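Chemist: Here's a structure for you.
The values are calculated or read from the model by the stated rules, or taken from the named source; none is laboratory data. Just so we're clear, the structure is a prediction, and the values are computed from it rather than from any experiment. Neighbour counts run over all protein chains shown; Cβ positions are idealised from the backbone, glycine included. Accessible surface areas use protein heavy atoms only, side chains included; no ligands, DNA or RNA. Shrake-Rupley method; radii C 1.70, N 1.55, O 1.52, S 1.80 Å.
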Amino acid sequence: ALCEGAIAMRQGNWPLARREFEALVGQFDLNLLDADNFYILFGLSTAYVYEGRLEESLRFGYAGMHLASQLELEAEFAAIALPLGVALMAAKDTEEADILFETAIDAATNARSPVLLKTLRNNRSVTLRRMLRWDEAYAILCSIENDTTAMIGGQHFLHYNAAELHLKRGDAKAADRHFASAQRLLAAQGASGLDLV
């Protein structure tokens, strides 16, 4: 079920991913300090946040973060900050999300994970934008815009984030350029429907 859940996550089939990870919950003692438990907690937190079930996402996200911290798994600690931070932002706790992303950026740096680092920095710029700290958000986006490192979820998130920030800053021309880049990247991935909306 763990493999099936991971495959469903990659395909963006969140209901199936959630069902696969939920099926594992009764088979394992999630209170054990076992690294395998982290992946179940990560999968549940991610699936729940994509389904808009914030309370469950936060519960499993914090449990996964605690487990990764106890086992000193820096890359895993950084990874679980992604769904947990998104859940915090959706719950309107942007300042807590910003603190979490800052801490996770340090962990990703220590873990030498450029993909996690770039993704977390992009997400942190979202929290800064939402807190109206536009100059700080812009500085982060400028520093990662031309970085060719992959991002979890895809590069279109960087362009979408940049477009939102440029709109806030009153630069519609730059926003249009980034929206077009995001749309181009999504179309190249075969995205349609809700993703393009």
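Chemist: Quick one: in the stretch 85-153, what % of C-alpha pairs are over 14 Å apart? Walk me through the numbers on the way to the answer.
Modeler: Values: 1349 of 2346 pairs.
Value for the stretch 85-153: 58 percent of Cα pairs lie more than 14 Å apart.
Chemist: To continue, here is another question. Report Arg129's accessible area, 1.4 Å probe, all protein chains in place, as a number in Å² to the nearest 10.
Modeler: 30 Å²
Chemist: Accessible area of His166, 1.4 Å probe, to the nearest 10 Å²?
Modeler: 20 Å²
Chemist: Counting Lys and Arg as +1 and Asp and Glu as -1, what is the net charge of the other residues whose Cβ lies under 15 Å from the Cβ of Ala162?
Modeler: On the way: positive: Lys118, Arg121, Arg124, Arg129, Arg130, Lys168, Arg169, Lys173, Arg177, Arg184; negative: Asp135, Glu136, Glu145, Asp147, Glu164, Asp171, Asp176.
Residues near Ala162 contribute +3 overall.
Chemist: In addition: On alpha carbon coordinates alone, what is the Rg over Rh value for the stretch 107-197, Rh being the Kirkwood radius?
Modeler: Details: Rg = 13.2 Å, Rh = 13.5 Å.
We get a ratio of 0.98 for the stretch 107-197.
Chemist: Okay, next question. Length gain on complete extension for the stretch Ala91 to Glu51, per 0.36 nm per residue less the alpha carbon to alpha carbon distance?
Modeler: Numbers: separation 40, 0.36 × 40 = 14.40 nm, distance 1.36 nm.
The span from Ala91 to Glu51 would gain 13.0 nm if fully extended.
Chemist: Run lengths n ≥ 4 of DSSP H only: what is the helix-derived mean residue ellipticity at 222 nm for the chain, with -39500 (n - 2.57) per run over all residues, to the nearest 500? Present the calculation step by step, with values, prior to reporting the outcome.
Modeler: Working: 10 runs with 147 residues, N = 197.
That calculation yields -24500 deg cm²/dmol at 222 nm.
Chemist: Mind giving me the nanometre distance, one decimal, between the label points for Arg10 and Arg177, set 7 Å out from Cα along Cα→Cβ?
Modeler: 3.5 nm
Chemist: Give the aspartates and glutamates whose C-alpha is closer than 13 Å to that of Lys173, dropping any in the same chain fewer than 8 places away, or say none.
Modeler: The qualifying aspartates and glutamates are Glu164.
Chemist: Go ahead and run the numbers for FRET between Arg19 and Lys168, Cβ-Cβ distance against an R0 of 25 Å, rounding to 0.05.
Modeler: Here the calculated transfer efficiency is 0.05.
Chemist: Once a ≥ b ≥ c are taken as the square roots of the eigenvalues of the Cα gyration tensor of the stretch 1-101, is the result rounded (a/c under 1.5), prolate (a/b larger than b/c) or oblate (a/b not larger than b/c)? All intermediate terms of the calculation are to be shown ahead of the outcome.
Modeler: Details: a/c = 1.83, a/b = 1.16, b/c = 1.58.
Cα axes put the stretch 1-101 in the oblate bin.
Chemist: If you don't mind, there's one more thing I want to ask. Using a 1.4 angstrom probe on the protein heavy atoms only, line up Phe38, Phe77 by accessible area, largest first.
Modeler: On the way: Phe38 5, Phe77 35 Å².
Order by accessible area, largest first: Phe77, Phe38.
Chemist: Among rounded, prolate and oblate, which fits the stretch 50-128 when a ≥ b ≥ c are the square roots of the eigenvalues of its C-alpha gyration tensor, a/c under 1.5 means rounded, and a/b larger than b/c means prolate? Intermediate results must be reported in sequence, preceding the final value.
Modeler: Numbers: a/c = 1.99, a/b = 1.23, b/c = 1.62.
Judged from the Cα gyration tensor, the stretch 50-128 comes out oblate (a/c at least 1.5, b/c at or above a/b).
Chemist: Apply 1/(1 + (r/R0)^6) to the Cβ-Cβ distance of Ala139 and Arg112, taking R0 = 25 Å, and write down the FRET efficiency to the nearest 0.05. Let's see the in-between values first.
Modeler: Values: r = 23 Å, r/R0 = 0.92.
Efficiency at R0 = 25 Å is approximately 0.65.
Chemist: If you take all C-alpha pairs in the chain, what percent of them are over 27 Å apart?
Modeler: Working: 5681 of 19306 pairs.
In whole percent, the share of Cα-Cα pairs in the chain beyond 27 Å is 29.
Chemist: Per-residue accessible area for Tyr138 at 1.4 Å probe radius, Å² rounded to 10?
Modeler: 80 Å²
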